[in-house]
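A.B. asks: I'd like to ask some things about the structure below.
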Amino acid sequence: MNKNLNILVLPMDDRPCTYNFPFQLGQMYGANIIMPDKNLLGNLERVADPQQLEKWILDNSNNLDGIIISSDSLAYGGLIPSRRNYQSFDNIAQNFKIIKLLKDKNKDIPIYVCSTILRISNSNENQEEKQYWKEYGQLIYNYSYLIHKNYLINEGDYDQYDSQKIINKQFVDPKITEIRNIIPDEIIQDYIDGRFKNFRLNKLLLKLVKEKYIDFLSICADDSSQYGFNVIEKNIFNKIVENNPSIKDKVLIYPGTDEAVSCLMARMINKYNDFIPKFYPIYSDLSKSGNIITMYEGIPLNSTLKSQIKAIGGKLVNSVSESDISIYLHTSEKNQEDQYLNSIYQKPTIQASESSINDELNYFINNQSQNIALADVAFANGGDNNFINSLSKVYDLKKLMTYSAWNTAGNSIGTALAHSSIRFLAKNNDNNSSLDNKHFEFLFERFFDDWLYQGFTRLKFIEENGFPLDQKQLVDLSDYTKEVCQDFINNNLKNDQIKSIDITSISFPWKRPFEIEIKCKLTPH
């Protein structure tokens, strides 16, 4: 193992999942991860300066073994700013000259880039969108959905995906005409202009792959559904890749976003070791075998798994004996629900029966292997408290290679695969106890955040206090979460090797309950 592996990372923003995760995963291998200070990055309110980020990259570009770049940071100043952007496309494209400079400086350094297809939120919630989304967001979503479903799919001609045609075309369908007449001209013009700038940027990135400036490109579809402008764009990009065989193995287009940099971190480390991690999938519901359609992604769970395995440079195998890692996917009995949104709208979430949980516990115990990763994807936005709490009583959770249960199924699965593959390498290549500590700290933080916070304390607190939460309530929620986590530590995590686990901080970096940052410190005996 090369302890001096130097990887420069430009994340998409300063959230724990996009900033801390790839940093911790790289450290878990023993690599030196070079990242900008958080105050240089974008967030919910702040737009990063792409020129400052470019300078930071150049200032830190010596003696590198790999580079990972979020195009949303380099182009727009962050993921949220990418949805509110007013720059010209020429200005955006200028920001990517640095990729050519970096490659010309050293052709042997792999450059991995992750980009996003601009999402279309199916609501009027505008906290992460432009102001007009509050009034017209749902209408724009419906407009996009109906145009795709009724015209472009049937005609099979994506050449007509042109900004002015979409704005000006008279549609026969009265529903589309009715929606178009409600949305003011200046708003639809602004939305389509922004959409097509991002569309052109992704085509530019594909061109840079073809020209061998980018070694691997992930184009992620954020919050996707079955139809819409974003799905049209995904299909167009897939066609470009199909028509250019030389880039087929260098581009992956799939549902995801927030986990993408972590997956590229794992891919780079795996590639550096000439390691192709082999995963055997175990689905908790054998009758569905991964065929359930997960929320926000619009594809079956098994397709999400395949894409995420490709993202980290791994492969699926057909038996435990062939595998390096078994990935256990805990799914719901019925369709996936978003338990966070259900709590906000005071809507009950369907829970599995006690007998069903007991059956699954027996199934899990009987199918466990030496290296097992647990992706808890029964719900969007948090772990299945009933299942994981029951599992903790019959199984030592510290044996897991990973636990992941945050946001979408793709986010959870991608993180689980990245963590477990890096852990496999570190465990088999090195006896450094400090790397063990970094693994366990990340694993325990996933229990605290993904399960105990997202799957329990946040839901219970909102149920009792309502929503939204003010800053005083966030402090109370933080205290409550720390108390629950400490109780879990005392009852489940200490052993002969672990002297203490201290929760060093809990914070809400975007001043809202959706994201939490829980940091812990492990002290071995």
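A.B. asks: For segment 329-375, how many residues meet the condition of being part of a helix (DSSP H, G or I) and either at pLDDT below 90 or on the phi > 0 side of the Ramachandran plot (or both)? Reasoning before the result, please.
C.D. replies: Residues of segment 329-375 that are part of a helix (DSSP H, G or I), as a first pass: 339-344, 354-367.
Among the residues that remain, those that are also either at pLDDT below 90 or on the phi > 0 side of the Ramachandran plot (or both) are: 354-367.
Residues flagged as part of a helix (DSSP H, G or I) and either at pLDDT below 90 or on the phi > 0 side of the Ramachandran plot (or both) within segment 329-375 amount to 14.
A.B. asks: Output the residues belonging to segment 354-385 that are touching an Asp or Glu at 6+ places or on another chain (Cβ under 8 Å) and either over 17 Å from Ser326 (Cβ atoms) or among the charged types (D, E, K, R) (or both). So that I can check it myself, show each step before the final result.
C.D. replies: Within segment 354-385, the subset touching an Asp or Glu at 6+ places or on another chain (Cβ under 8 Å) is 356, 371, 376, 378-384.
Ser356, Asp376, Ala378, Phe379, Ala380, Asn381, Gly382, Gly383, Asp384, listed by residue number.
Quick grid of which residues meet (1) touching a residue at least 12 places away in the same chain (Cβ under 8 Å); (2) in contact with a Pro (Cβ under 7 Å, 6 or more places away or on another chain); (3) within 22 Å of Ser262 (Cβ to Cβ):
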residue	(1), (2), (3)
Ile309	yes, no, yes
Val317	yes, no, no
Glu337	yes, no, no
Asp359	no, no, no
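A.B. asks: Exactly one of (1) under 24 Å from the mean Cα position of the chain (by Cα); (2) free of Cβ contacts under 8 Å to residues at least 24 places away in the same chain is unmet by Cys263. Its number?
C.D. replies: Evaluating Cys263 over (1) under 24 Å from the mean Cα position of the chain (by Cα); (2) free of Cβ contacts under 8 Å to residues at least 24 places away in the same chain leaves (2) as the failure.
A.B. asks: Can you pull out every residue in segment 470-506 that is at pLDDT 95 or above, more than 22 Å from Asn385 (Cα to Cα), surrounded by 11 or more Cβ atoms within 10 Å (Cβ to Cβ) and not acidic (Asp, Glu)?
C.D. replies: If the condition is that a residue be at pLDDT 95 or above, more than 22 Å from Asn385 (Cα to Cα), surrounded by 11 or more Cβ atoms within 10 Å (Cβ to Cβ) and not acidic (Asp, Glu), then Gln473, Val475, Ser505 are the ones that fit.
A.B. asks: Oh, and also: Looking only at residues that are hydrophobic (A, V, I, L, M, F, W, C) and part of a helix (DSSP H, G or I) in segment 302-323, which one is surrounded by the most Cβ atoms within 10 Å (Cβ to Cβ)? Talk me through it step by step, then tell me what you get.
C.D. replies: Step one: of segment 302-323, the residues hydrophobic (A, V, I, L, M, F, W, C) are 305, 309, 311-312, 316-317, 320.
Still in the list and also part of a helix (DSSP H, G or I): 305, 309, 311.
Values: Leu305: 25, Ile309: 23, Ala311: 27.
Among them, the one singled out is Ala311.
A.B. asks: Could you tell me whether any residue of segment 4-24 is at pLDDT below 95 and either closer than 29 Å to Ile120 by Cα or polar (S, T, N, Q) (or both)? So that I can check it myself, show each step before the final result.
C.D. replies: Pass one, segment 4-24, residues at pLDDT below 95: 4-5.
Those still in the list that are either closer than 29 Å to Ile120 by Cα or polar (S, T, N, Q) (or both) too: 4.
Checking segment 4-24: at least one residue is at pLDDT below 95 and either closer than 29 Å to Ile120 by Cα or polar (S, T, N, Q) (or both).
Okay, residues lined up against (1) more than 27 Å from Asp14 (Cα to Cα); (2) among the small types (Gly, Ala, Ser); (3) in contact with a strand residue (DSSP E or B) (Cβ under 6 Å, 6 or more places away or on another chain):
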site: Asn230; (1), (2), (3): no, no, yes
site: Asn235; (1), (2), (3): yes, no, no
site: Ser246; (1), (2), (3): yes, yes, no
site: Asp249; (1), (2), (3): yes, no, no
site: Glu259; (1), (2), (3): no, no, no
site: Ile282; (1), (2), (3): yes, no, yes
site: Leu301; (1), (2), (3): yes, no, no
site: Lys306; (1), (2), (3): yes, no, no
site: Gly313; (1), (2), (3): no, yes, no
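A.B. asks: Something else: Quick one: what pairs do we get from segment 23-49, first residue under 19 Å from Phe508 (Cα atoms), second outside any helix (DSSP H, G or I) and of a type in the set (Phe, Trp, Tyr), C-beta under 9 Å, 6+ apart or different chains?
C.D. replies: Asn43/Trp510; Leu44/Trp510; Glu45/Trp510
A.B. asks: Going through segment 397-424 one residue at a time, which ones are buried (at least 23 other Cβ atoms within 10 Å of the Cβ), among the hydrophobic types (A, V, I, L, M, F, W, C) and in a helix (DSSP H, G or I)?
C.D. replies: Ala409, Ile413, Ala416, Leu417, Ala418, Ile422 - these are the residues of segment 397-424 that are buried (at least 23 other Cβ atoms within 10 Å of the Cβ), among the hydrophobic types (A, V, I, L, M, F, W, C) and in a helix (DSSP H, G or I).
Yes/no per residue for (1) within 28 Å of Leu397 (Cα to Cα); (2) among the hydroxyl-bearing types (Ser, Thr, Tyr); (3) touching a residue at least 40 places away in the same chain (Cβ under 8 Å):
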position: Phe467; (1), (2), (3): no, no, yes
position: Thr481; (1), (2), (3): yes, yes, no
position: Asn491; (1), (2), (3): yes, no, no
position: Ile498; (1), (2), (3): yes, no, yes
position: Asp502; (1), (2), (3): yes, no, no
position: Phe514; (1), (2), (3): yes, no, yes
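A.B. asks: Confirm whether Ser332 is surrounded by 21 or more Cβ atoms within 10 Å (Cβ to Cβ), farther than 16 Å from Ile372 by Cα and touching a Leu at 6+ places or on another chain (Cβ under 8 Å). Give the derivation first.
C.D. replies: On the way: surrounded by 21 or more Cβ atoms within 10 Å (Cβ to Cβ): yes; farther than 16 Å from Ile372 by Cα: yes; touching a Leu at 6+ places or on another chain (Cβ under 8 Å): no.
Considered against the rule, which asks whether it is surrounded by 21 or more Cβ atoms within 10 Å (Cβ to Cβ), farther than 16 Å from Ile372 by Cα and touching a Leu at 6+ places or on another chain (Cβ under 8 Å), Ser332 comes out as no.
A.B. asks: Would a scan of segment 436-458 turn up a residue that is within 17 Å of the chain's Cα centre (by Cα), among the acidic types (Asp, Glu), part of a strand (DSSP E or B) and crowded, with 20+ Cβ neighbours inside 10 Å?
C.D. replies: No: segment 436-458 contains no residue that is within 17 Å of the chain's Cα centre (by Cα), among the acidic types (Asp, Glu), part of a strand (DSSP E or B) and crowded, with 20+ Cβ neighbours inside 10 Å.
A.B. asks: So Asp104 ticks every box in (1) free of Cβ contacts under 8 Å to residues at least 60 places away in the same chain; (2) not in a helix (DSSP H, G or I) but one. Which box is left unticked?
C.D. replies: (2)
A.B. asks: Of everything in segment 352-399, what is small (Gly, Ala, Ser) and in contact with a helix residue (DSSP H, G or I) (Cβ under 8 Å, 6 or more places away or on another chain)? Give them in sequence order.
C.D. replies: Ala352, Ala373, Ala375, Ala378, Ala380, Gly382, Gly383, Ser390, Ser392 - these are the residues of segment 352-399 that are small (Gly, Ala, Ser) and in contact with a helix residue (DSSP H, G or I) (Cβ under 8 Å, 6 or more places away or on another chain).
The values are calculated or read from the model by the stated rules, or taken from the named source; none is laboratory data. This is a predicted model, so every value here is computed, not measured. Ideal geometry is used to build each Cβ from the backbone, glycine not excepted, and the neighbour counts take in all protein chains shown.
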